[in-house]
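Participant: Before I ask anything, let me first share the structure, which is written out below as structure tokens.
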Amino acid sequence: MKPARKLTLRFVSYFIVFYLLIISGFVISLVSFGIFINKRVGDNIHVMTSYEIKDDAVVEKGASIKIADYLVKRANENAGQLYLFDQSMNIVDYTGDICELCGMTDSEVLNLKRLGMHTWEIPDYYLLFLPISPVQSIIEDSLQGWEEKGEIPSELLPRIQDKKASIEIYNEQWDRVEVIGERYKKLNKPQLLEEKYDIFEHAELIQSAALENGSTLVVRMPNPSYKPFEEPFNKAMLLFISTFFGGHIILLIGVIFLSISISRQFVRPLVYVLSRIDRLTQFDYSEVSDKNIHHQKTGKLKKKFKLFQPVDESLNHLSERLSFNERQIKQAEQLREEWITGLSHDLKTPLSSIYGYSTMLASEDYNWSMEEMRIFASTMQEKATYMDALIQDLTYTYQLKNKAIQLEKVLIPLASWLPKFVDEQVSVNVYGDVMLEADELLLKRILDNLITNAKKYTPKGTKVMVDAQQINKSVVMTITDQGPGIPQEELDNLFERYYRGTNTTDDTTGTGLGLAITKQLIDLHNGSISVRTDSDGTVFVLTFQCQSL
């Protein structure tokens, strides 16, 4: 996979994790809030729907049909009873200890009206919720005793005390004239008008009945099913706020760790790359190892930074290349200085001779003979000829460098062409019918340069051997001398422009550009030249692509 795609996928994965953290925190907050709200609303049987219970309202227990346990529990929490009817209005099951509707006729059940009653239609059955107020039995017994004896029955007192209930008598002027049981704050008359069926909403259960003397009997007791909405709502809000801020704190911590991870995996390598580039700008090409991103033993990038492996390798290659180029530039600078020094020396030497002899000829203090003037003129001509050859060779080598020389290739039969170089010091051997496609004039110059150079350094009485043969698809020619060999420091620069291993004062028959021109001419023919040398002599090996007849 390409580095750019890897980097994109890595960033996408990080931001997906970040997005999932946000969604998770939001969902946790909503779920927590919903659980509390559902717990409060879910206990209220008055908000229950047929659709909600149609599949699990009844269960089969042996041969009988029973109301589901969770509905039995919910009926008890709502201070009432559930009755299960079939399509014929037969009671199939009920909750609680007493079946209040079992003795009623169908018409009586249908005409029953009680505050808080609810019915639900489910498959094959009907459910009826019948509220039963805890104070109902107390007020009924109180009224019966009042009507019979004119007072509250004493046997009610244990029940009243057990339920922390209160029986109060209010006269026509709504003065509280009697209290039996717990003593609560006096009621206002309008409070009796409230019809309350939501058993969870009210802290106190109140029921009243009018007496024959115009007084009002009121029964009051604490509501055992009291679950005020505000309390769970406040708890839910508190939990929601706690979860919200807690989730955001966790999210913040996650973002911090995610940022640190991104920093470690992206910022740190980028800082390392920038530092490497800065070192390169300061010409520092040494290898750098950062212990935070490299293994100390192997020096390779750690696994989590493998994404930057191509960048690190490219920087290493760039450092090596720049270091190599700098060495080459320094070497070229040194060669250029040596080249200029040698060229200046070789130009200065003949110019000095020309200037000296011309000064002598122009002097009026001497009368030179004709023979002496001819010697002076001959020397000046020789030096001028050398300078002209040097300038021509310089011009020619730059023409070769800029590819301004055009080849006129022809097929040259080396077996009949090479013997023209034979003399008392040169011997030629051609193995087979070797044909070479080359520019004849330029090939002659190549061989002239190499043979002349070999003859120059070959001791008298020894031969320069020129051999030619075809090897596979190449023509190989060798020029071998028996000279003292070439020192290594001179061999490295042998084909540089204007480089001579000997001092120009020793021999002025060359311009110092012969071998440089030779290599350029061979390169122009898409050939190659190499040198082998030792104390027994030097061998120049020329290789060209051949073309056989």
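Participant: Using a basic spin-label model with each label point 7 Å from the Cα along Cα→Cβ, how many nm lie between ASP86 and ILE122?
Facilitator: 1.6
Participant: Give the Rg (one decimal place) followed by the Dmax (whole number) of the stretch 406-473, computed from C-alpha coordinates and expressed in Å.
Facilitator: Just the Cα atoms of the stretch 406-473 yield Rg and Dmax of 12.8, 39 Å.
Participant: For the stretch 105-196, what value does the Rg/Rh ratio take when both radii are computed over Cα atoms and Rh is the Kirkwood radius, given to two decimals? Spell out each step's value before the answer.
Facilitator: On the way: Rg = 17.6 Å, Rh = 16.2 Å.
Rounded to two decimals, Rg over Rh is 1.08.
Participant: At what distance in angstrom do the alpha carbon centres of the stretch 425-450 and the stretch 319-360 lie from each other?
Facilitator: 32
Participant: Follow-up question, since we're still on this one. Short version: ³J(HN,Hα) in whole Hz for each residue of the stretch 424-429, in order, from phi by Karplus 6.51 cos²θ - 1.76 cosθ + 1.60 (θ = phi - 60°), x for Gly and Pro, what are they?
Facilitator: 5, 10, 10, 10, 10, 9
Participant: How would TYR398, TYR19 line up by accessible area, probe 1.4 Å, largest first?
Facilitator: TYR19, TYR398
Participant: Would you check the accessible area of LYS291, probe 1.4 Å, heavy atoms only, in square angstrom rounded to 10?
Facilitator: Approximately 140 Å² of LYS291 is accessible to the 1.4 Å probe.
Participant: In bins 20 Å wide, starting from 0, what share of all Cα pairs of the chain does each bin hold, as a percent?
Facilitator: P(r) for the chain, in whole percents per bin: 13, 21, 15, 11, 9, 10, 13, 7, 1, 0.
Participant: When we measure straight from the Cα of LYS297, which lysines land under 25 angstrom away, once same-chain ones fewer than 8 places off are left out?
Facilitator: In chain and number order, the partners are LYS306.
Participant: To continue, here is another question. Convert each backbone phi in the stretch 137-145 into a coupling constant with the Karplus relation 6.51 cos²θ - 1.76 cosθ + 1.60 (shift: θ = phi - 60°), then list the ³J(HN,Hα) values in order as whole Hz, x for Gly and Pro.
Facilitator: 5, 5, 5, 5, 5, 5, 5, 5, x
Participant: A further question on this structure: Calculate how steeply helix 3-42 sits against the longest principal axis of the alpha-carbon atoms of the chain, using the helix alpha-carbon long axis, and give the answer as 0 to 90 degrees to the nearest 10.
Facilitator: Result, in degrees: 10.
Participant: Provide the solvent-accessible area of CYS99, counting protein heavy atoms only and rolling a 1.4 Å probe, rounded to the nearest 10 Å².
Facilitator: Taking all protein chains as shown, CYS99 has close to 30 Å².
Participant: Apply the Debye scattering formula to the stretch 48-157, with a single equal point scatterer on each alpha-carbon and no solvent, then give log10 I(q)/I(0) at q = 0.12, 0.15 Å⁻¹.
Facilitator: Normalising to I(0) and taking log10 leaves -0.50, -0.71.
The values are calculated or read from the model by the stated rules, or taken from the named source; none is laboratory data. These numbers come from a predicted model, not from an experiment. All Cβ positions, even for glycine, are placed from backbone atoms using ideal geometry, and neighbour counts span all protein chains on display. With ligands, DNA and RNA removed, areas are computed over all heavy atoms of the protein, side chains included. Shrake-Rupley method; radii C 1.70, N 1.55, O 1.52, S 1.80 Å.
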